[in-house]
Amino acid sequence: MTARKPPQRVLITGGAGFIGSAVARLLIGETDHQVLVLDKLTYAGNLDSLAPIASDRRFAFVKADILDAAAVANVLATFRPTLVMHLAAESHVDRSIDGPADFVQTNIVGTYTLLEAVLAYWRSLSSAEQGAFRFHHISTDEVFGSLGTAGYFTEDTAYDPRSPYSASKAASDHLVRAWHHTYGLPVVVSNCSNNYGPYHFPEKLIPLVILNALEGKPLPVYGDGSNVRDWLYVEDHAQALLQIAETGRVGESYNVGGHNERTNLEVVRAVCAILDEIAPSATIGPRENLIAFVKDRPGHDRRYAIDAAKIGRDLGWTPLETFETGLAKTVRWYLDNRPWWERIRSGVYRGERLGQST
């Protein structure tokens, strides 16, 4: 693996979210970097996810919206980051179907607002500081559309977004690259496959199934459950993001995947098997009996799969977790951290169906 840079000042937008908080915990736990998280704390932003590092002297938090140009400019001027990792985004496909406006505002207008503030800040730096600065934009494989039964997304795959969410992320990717090519802003871009792991907001498939199965509730599976995703353990992803941010080539993009293709039905059945083994319930019985096939999501992409050869070849990154080991760790984490998700289930999100476009 390529040698890492000396201690940096890292600004993480959306750092109270699922992936952003994993990055923040990694940076504080395994590097000497200083970290400032900027997050507006929407429903998916959770300060509890930052609790393990909240008291560290190298960590700080600012509640702000990337749409607030003045607030972002002030953070840049006072913190003076050498690296900006941009993870602030609306990220749930079902929510984008019900309310696309928020996705357009945050993911497109918010990214534009952030880019303008970062560009002004970057231009104020000395030549040496400009050369050391990086803006890392974190995106999704969903911008590439849907695959058939064969093939993989590469960094050269043409964009073909199919949902309001993926369209908004595709637009943000294009903006970031345009600010690099037009204005010279030093950027790197990464596109990842489906993440899972600790601190995952329970509207997403794996945590929703874990919690519903624990409570003996139906386990909703869209359509016939044959849609395929490539699953990436979030802590593996955080390591990849750090490697890309520190050693990736300016202007390049990197695909990050877990090499773990599974149908949605296989994922649900795997969660059921783990819970039946480590948390059996005579009242609930075999959790697989809770599976309930429901009407499919509108425009549901059939298959995603990442070719992560470039990041392995150029930067030396490979995932440490298999799907089996990562899923077992994830289920155990939810069993051991009830207060984290019980606060969410009691108010912010109770497991209701979203994205039916009705």
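The values are calculated or read from the model by the stated rules, or taken from the named source; none is laboratory data. For clarity, every value in this text was computed on a predicted model and none was experimentally measured. Every residue, glycine among them, receives a Cβ derived from its backbone with ideal geometry; neighbour counts consider all protein chains shown.
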(request) Output the number of the condition that ALA170 fails; it satisfies all remaining conditions of (1) under 20 Å from PHE18 (Cβ atoms); (2) buried (at least 20 other Cβ atoms within 10 Å of the Cβ); (3) out of contact with any strand residue (DSSP E or B) (no Cβ under 7 Å at 6 or more places or on another chain). (result) (1)
(request) Go through (1) under 19 Å from the mean Cα position of the chain (by Cα); (2) at pLDDT 95 or above; (3) within 21 Å of LEU241 (Cα to Cα); (4) not hydroxyl-bearing (Ser, Thr, Tyr) and name the single condition GLU90 misses. (result) (2)
(request) Considering each residue of the range 123-134, count those that are part of a helix (DSSP H, G or I) and surrounded by 14 or more Cβ atoms within 10 Å (Cβ to Cβ), and give that number. (result) 2
(request) Taking only the range 143-159 into account, find how many residues are surrounded by 14 or more Cβ atoms within 10 Å (Cβ to Cβ) and either aliphatic (A, V, I, L, M) or free of Cβ contacts under 8 Å to residues at least 40 places away in the same chain (or both). (result) 4
(message) Of everything in the range 244-270, what is within 21 Å of the chain's Cα centre (by Cα) and either under 20 Å from TYR334 (Cα atoms) or of a type in the set (Ser, Thr, Tyr) (or both)? Give them in sequence order.
(response) THR247, SER253, TYR254, THR263, ASN264, VAL267, VAL268
(message) On the basis of being of a type in the set (Val, Ile, Thr), within 16 Å of the chain's Cα centre (by Cα) and buried (at least 23 other Cβ atoms within 10 Å of the Cβ), does ILE210 make the cut?
(response) no
(message) With the condition being modelled with pLDDT of 95 or more and of a type in the set (Val, Ile, Thr), I'd like the helices (runs of 4 or more DSSP H) fully within the range 241-358 carrying at least 3 qualifying residues.
(response) 264-278, 323-336
